[in-house]
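The values are calculated or read from the model by the stated rules, or taken from the named source; none is laboratory data. As the structure is a prediction and not an experimental result, all values here were calculated from the model. Neighbour counts are summed over all protein chains in view; Cβ atoms, including those assigned to glycine, are modelled from backbone coordinates with ideal geometry. Surface accessibility is based on the protein's heavy atoms, side chains included, excluding ligands, DNA and RNA. Shrake-Rupley method; radii C 1.70, N 1.55, O 1.52, S 1.80 Å.
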Amino acid sequence: MSKLGNLGARLHRGEIGYDFVKNRKIWYGLSILITITAIVGLAVRGLNMGIEFQGGAVFNTPKNTSASVSQAERYAEEASGHDAIVQKLGDGSMRIQVAGIDTSAANKIKNTLADDLKIDSEQINAELVGPSWGEQIANKAWQGLGIFLILVVIYLAIAFEWRMALAAFVALIHDITITVGIYALVGFEVTPGTVIGLLTILGYSLYDTVVVFDSLKEQTKDLTKQTRWTYSDVANRSINSTLVRSINTTVVALLPVAGLLFIGGGVLGAGMLNDISLSLFVGLAAGAYSSIFIATPLVADLKEREPQMKALKKRVLAKRAQSAAKGETEAHGDDESYDGEPEDTAPAVVGPRNQPASRGRGRGRPSGKRR
């Protein structure tokens, strides 16, 4: 078995683990810092909205246009009076995009560009986008995002509970804010492809969160009937048991997206790939982070505000203090059990893989049986 596979197996069995929940204030602080940076970037620089949202015109020149990108950009800005975005395509043609202009002025701009570029105006293909159509697209995008978030909250509240639904909602807002803020800071154009990428990464983030929540829900059944673990303890074990799976799925998803962003958009110059690839890349990374460091620790915080969980935590800490006073180590407490149960019967959350302890095999040693 590979080292990573062995590590994953040990994490899943509970033999090792990192205390994510205990250090949650660090992750909260880091997320708040990143979120504030994203909000400041959004407020200061704003989003570079694409022509689909602002309206305007796109002029496609013929192949092997002799002018450079900088020249074409200067010509377009002088002809339109607006900022222009020029992309050199692989066949030598250019895509000149001018946003925020009246479509009635498109013909005049087209003729001026033809004169400056020394080509026939009939060879330039103009695609016009009205501002009202762009506004409708933007409204539909916001409506789609709002409906998605509402349905997610309703589903999680029914399938799990409202605290998990709230934590997942906070994690999704966290991912959206960071992704949009990165777009503002980098200055990449926001297009319908960006919106598609944003909705896609929310699905990935939600998937990772639900995997952890499902494990947590299963392991916290009848939790108040024992005195060995608090809700935070079990939440931390749920994160560790699914950690390698979350990392693997995220890395596998990020590799092709990184190819689109850094090779397709950066090296090959296919700028249109940046629209969707940046949102996917940033969103996938943020989604994996929020699933591990935000959603589940937040659920633990909310659950331990309940009177039952407060009482459980008090009993667990009291029993640990009593064991410490007697000089007992944690390893010698593996044969403890739920209150009112026989000592050789382990609870559903006990042990690396829910292995029942057997006193005939010695204290703290698993019986070898698996469920």
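Could you please find all residues in the stretch 94-120 being in contact (Cβ under 8 Å) with a residue 24 or more places away in the chain and either of a type in the set (Phe, Trp, Tyr) or part of a loop (DSSP other than H, G, I, E, B) (or both)? Within the stretch 94-120, GLY100, ILE101, LYS118, ILE119 qualify.
Quick one: in the stretch 305-329, which of the residues that are among the polar types (S, T, N, Q) and part of a helix (DSSP H, G or I) is nearest to VAL212 (Cα to Cα)? Even if it seems obvious, please write down each step before you answer.
Quick first cut of the stretch 305-329, residues among the polar types (S, T, N, Q) only: 308, 322-323, 329.
If we keep only those that are part of a helix (DSSP H, G or I) too, we end up with 308, 322-323.
On the way: GLN308: 22, GLN322: 32, SER323: 31 Å.
Ranking the candidates gives GLN308 first.
Residue selection: ILE263 satisfies the criterion of being open to solvent by 60 Å² or more (accessible area, probe 1.4 Å) and free of Cβ contacts under 8 Å to residues at least 12 places away in the same chain. The set of residues in the stretch 197-236 that are surrounded by fewer than 19 Cβ atoms within 10 Å (Cβ to Cβ) and under 30 Å from VAL180 (Cα atoms) comprises LEU199, THR200, GLY203, TYR207, VAL211, ASP214. LYS140 meets the conditions (1) under 30 Å from LEU206 (Cβ atoms); (2) among the charged types (D, E, K, R); (3) in contact with a Gly (Cβ under 9 Å, 6 or more places away or on another chain) in every case but one. The failed one is (3).
Given the options LEU298, LEU302, LEU284, LEU260, name the one that is at pLDDT 85 or above, of a type outside the set (Asp, Glu), touching a Leu at 6+ places or on another chain (Cβ under 6 Å) and part of a helix (DSSP H, G or I).
On the way: LEU298 fails: touching a Leu at 6+ places or on another chain (Cβ under 6 Å); LEU302 fails: touching a Leu at 6+ places or on another chain (Cβ under 6 Å); LEU260 fails: at pLDDT 85 or above.
Sole residue among the options that is at pLDDT 85 or above, of a type outside the set (Asp, Glu), touching a Leu at 6+ places or on another chain (Cβ under 6 Å) and part of a helix (DSSP H, G or I): LEU284.
When the stretch 170-190 is examined, which residues are found to be of a type in the set (D, E, K, R) and open to solvent by 20 Å² or more (accessible area, probe 1.4 Å)? Talk me through it step by step, then tell me what you get.
Keep residues of the stretch 170-190 that are of a type in the set (D, E, K, R), which gives 175, 189.
GLU189, the sole residue that qualifies.
Give the stretch 150-174 a look and list any residue that's charged (D, E, K, R) and modelled with pLDDT under 90, or say none. Result: GLU161, single match.
Can you tell me which residues in the stretch 106-115 are out of contact with any strand residue (DSSP E or B) (no Cβ under 8 Å at 6 or more places or on another chain) and either of a type in the set (Ser, Thr, Tyr) or surrounded by 16 or more Cβ atoms within 10 Å (Cβ to Cβ) (or both)?
Kept after step one, since they are out of contact with any strand residue (DSSP E or B) (no Cβ under 8 Å at 6 or more places or on another chain), are these residues of the stretch 106-115: 108, 111-112, 114-115.
Once the filter is applied, which keeps residues that are out of contact with any strand residue (DSSP E or B) (no Cβ under 8 Å at 6 or more places or on another chain) and either of a type in the set (Ser, Thr, Tyr) or surrounded by 16 or more Cβ atoms within 10 Å (Cβ to Cβ) (or both), the stretch 106-115 yields THR112, ALA114.
State yes or no: is GLY193 of a type outside the set (Asp, Glu), out of contact with any strand residue (DSSP E or B) (no Cβ under 8 Å at 6 or more places or on another chain), closer than 25 Å to VAL44 by Cα and open to solvent by less than 10 Å² (accessible area, probe 1.4 Å)? Walk me through how you get there before you give the answer.
Numbers: of a type outside the set (Asp, Glu): yes; out of contact with any strand residue (DSSP E or B) (no Cβ under 8 Å at 6 or more places or on another chain): yes; closer than 25 Å to VAL44 by Cα: yes; open to solvent by less than 10 Å² (accessible area, probe 1.4 Å): no.
It is false that GLY193 is of a type outside the set (Asp, Glu), out of contact with any strand residue (DSSP E or B) (no Cβ under 8 Å at 6 or more places or on another chain), closer than 25 Å to VAL44 by Cα and open to solvent by less than 10 Å² (accessible area, probe 1.4 Å).
Among the residues of the stretch 121-138, is there at least one that is more than 23 Å from VAL21 (Cα to Cα), loosely packed, with under 14 Cβ neighbours inside 10 Å and without any contact (Cβ under 8 Å) to a residue 60 or more places away in the chain? There is at least one residue in the stretch 121-138 that is more than 23 Å from VAL21 (Cα to Cα), loosely packed, with under 14 Cβ neighbours inside 10 Å and without any contact (Cβ under 8 Å) to a residue 60 or more places away in the chain.
GLU73: more than 29 Å from LYS140 (Cβ to Cβ) and acidic (Asp, Glu), yes or no? Spelling it out, GLU73 is indeed more than 29 Å from LYS140 (Cβ to Cβ) and acidic (Asp, Glu). Taken together, the residues in the stretch 54-71 that are in contact with a Gly (Cβ under 8 Å, 6 or more places away or on another chain) and surrounded by 12 or more Cβ atoms within 10 Å (Cβ to Cβ) amount to 4. Scanning the stretch 125-134 turns up no residue that is at pLDDT 85 or above and assigned to a helix (DSSP H, G or I). Here ILE32 fits the description: open to solvent by 50 Å² or more (accessible area, probe 1.4 Å), modelled with pLDDT of 85 or more and of a type in the set (A, V, I, L, M, F, W, C).
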